[in-house]
Amino acid sequence: MIVTIDGPSGAGKSTVAKKLAQTLGFRYLDTGAMYRVLVLSAIRAEIRWENEEALVENCRNTEFHVEGDSIWLGDENVSNEIRHPEISKQIWHVADHVRIRELMVERQRSIASFGNYVCEGRDQGTVVFPKAERKVFLTASANERAKRRQVELAEKGVDLSLVEIEEEQNERDLHDYNRPVGRLVKADDAVEVVTDGMSFEQVVHELVMIVRGSR
Ligand code: DC
């Protein structure tokens, strides 16, 4: 069974998706981490962002694997490094690219082809798994999302003001909602959950109910 969770950045998708997967005994696929690792490997390889051919090649050649909430670049665990704001800032160079997305979609389908998965991202219910058994569109107001992101980053030792976070968030929303492929849109058959004012436990409970068909 495939459960998809899509929504804008900062809606709390990752923590909720991870907990949902754990509760259901499913595996968890963080597709954002897959785009992030490509940015990291492009930076390390000193590829210029305007060199699209090199970026596509980098996507083909980058050896990475995802394991629950960890991501490995070769044999190096880069799970923390890929969360750095500089990676988020440059993400659109790979995430807005048609051919890179095609390669990533293929890879995501192949990863989730065996077993039960909670797949989290922007295009999981629309493009990658249009026939998923359960689809959730998880969102929250811009202000709420920025506040949560601030707490999340602070826990990782990154201190940013709310204004800085909102600027980055607006920039990412702009790309996520408008990119030519894989743009962020609620699938017609997804259940929308707006998490303003809900606790983490309440959100997870709501999602468990949705997966079990009680909502
Ligand atoms: O979920 P996240 O913030 O870690 O995702 C990082 C970026 O990757 C985000 O700005 C949008 C992009 N992304 C995407 O385009 N498609 C996905 N399926 C997942 C993430």
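The values are calculated or read from the model by the stated rules, or taken from the named source; none is laboratory data. What you see is a predicted model; the values in this text were computed from it and never measured. Here the Cβ is made from the backbone with ideal geometry for all residues, glycine too, and neighbour counts use every protein chain on show.
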If S110 satisfies all but one of (1) surrounded by 13 or more Cβ atoms within 10 Å (Cβ to Cβ); (2) modelled with pLDDT of 95 or more; (3) of a type in the set (S, T, N, Q), what's the number of the condition it fails? (1)
Among helices (runs of 4 or more DSSP H) lying entirely in the stretch 1-75, which contain 1 or more residues that are near the ligand (Cβ under 10 Å from one of its atoms) and of a type in the set (A, V, I, L, M)? 13-24, 31-44
Considering only residues that are among the polar types (S, T, N, Q) and surrounded by fewer than 18 Cβ atoms within 10 Å (Cβ to Cβ), look in the stretch 144-171 and name the one that is nearest to V193 (Cα to Cα). N170
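Filter the stretch 185-215 for residues that are of a type in the set (V, I, T) and more than 23 Å from N116 (Cβ to Cβ) and give the result. Can you show your working first?
Restricting attention to the stretch 185-215, the residues satisfying the condition of being of a type in the set (V, I, T) are 185, 191, 193-195, 203-204, 208, 210-211.
Answer for the stretch 185-215, where residues must be of a type in the set (V, I, T) and more than 23 Å from N116 (Cβ to Cβ): V185, V194, T195.
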In the stretch 181-191, what count of residues is obtained for those that are farther than 17 Å from K131 by Cα and either basic (K, R) or away from the ligand (no atom under 16 Å from the Cβ) (or both)? 1
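Restricted to the stretch 114-127, and to residues that are more than 12 Å from the ligand (Cβ to nearest atom) and at pLDDT 95 or above, which residue is nearest to the chain's Cα centre (by Cα)?
Top of the filtered list is V118.
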Which one is farthest from the chain's Cα centre (by Cα), of the residues in the stretch 76-98 that are closer than 19 Å to R109 by Cβ and part of a helix (DSSP H, G or I)? V98
If a residue has to be of a type in the set (D, E) and farther than 25 Å from P180 by Cβ to count, how many in the stretch 105-143 make the cut? 1
